[in-house]
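The block underneath contains the structure these notes are about, expressed in structure tokens.
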Amino acid sequence: MDTTLLIFACSALGAAAVLCIVVAVVAFRAGKNIDRVTVVVEAMQKDVHHLTSTALPIIEKAGNFFAQGEETLGVLKADLANLSKGTQNIAGIAEDLRILEQNIVARIRPGLEDAASLVSGITRGIKTFAKKLTER
């Protein structure tokens, strides 16, 4: 064989051997990485299962809390409706009192005005009398 051909054949065999070694190293490292990924995924699965098992009671309690909140809001709504009715009743009573006050004032005003006129006239008369007495 020719030496050039022999050198190329040896170079090709050496390159193939190096390629096989590189592929083996890459496969070995990929296997290690796949093992690591598998361990991480299993740990994540355990964590998710743990979170799920601990979150379910919390979610149930939250549901109960919201149900109680809805009941409380219903009671508050009913109480506010009753309070509104009471407020309307008080407003009606206040209106009735205002009308009563107007009626009483309408009945008493003429008498009070007459009494005030009488008192005013008497005081003027007394003042005039006192002036006349003091002038003499």
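The values are calculated or read from the model by the stated rules, or taken from the named source; none is laboratory data. Computed from a predicted structure; not experimentally measured. Every residue, glycine among them, receives a Cβ derived from its backbone with ideal geometry; neighbour counts consider all protein chains shown.
Would a scan of segment 24-31 turn up a residue that is modelled with pLDDT under 90 and assigned to a helix (DSSP H, G or I)? Steps first, answer last, please.
Taking segment 24-31 as the starting set, the residues that turn out to be modelled with pLDDT under 90 are 31.
Next, only the ones that are assigned to a helix (DSSP H, G or I) stay: 31.
Within segment 24-31, one or more residues are modelled with pLDDT under 90 and assigned to a helix (DSSP H, G or I).
Would a scan of segment 27-40 turn up a residue that is surrounded by fewer than 10 Cβ atoms within 10 Å (Cβ to Cβ), out of contact with any His (no Cβ under 8 Å at 6 or more places or on another chain) and hydroxyl-bearing (S, T, Y)?
No: zero hits.
Give me the pairs: first residue in segment 17-31 and among the basic types (K, R), second residue modelled with pLDDT under 90 and part of a helix (DSSP H, G or I), beta-carbon distance under 7 Å, and six or more apart or on different chains, which are they?
none
Restricting to segment 6-35, name every residue that is of a type in the set (V, I, T) and over 60 Å from the mean Cα position of the chain (by Cα). Don't jump to the end; show me each part of the working.
Taking segment 6-35 as the starting set, the residues that turn out to be of a type in the set (V, I, T) are 7, 18, 21-23, 25-26, 34.
Residues satisfying the conditions are I7, V18, I21, V22, V23.
Looking for whichever is over 30 Å from the mean Cα position of the chain (by Cα), of a type outside the set (K, R) and modelled with pLDDT under 90 here; the options are T3, T38. Which one fits? So that I can check it myself, show each step before the final result.
On the way: T38 fails: modelled with pLDDT under 90.
So the residue among T3, T38 that is over 30 Å from the mean Cα position of the chain (by Cα), of a type outside the set (K, R) and modelled with pLDDT under 90 is T3.
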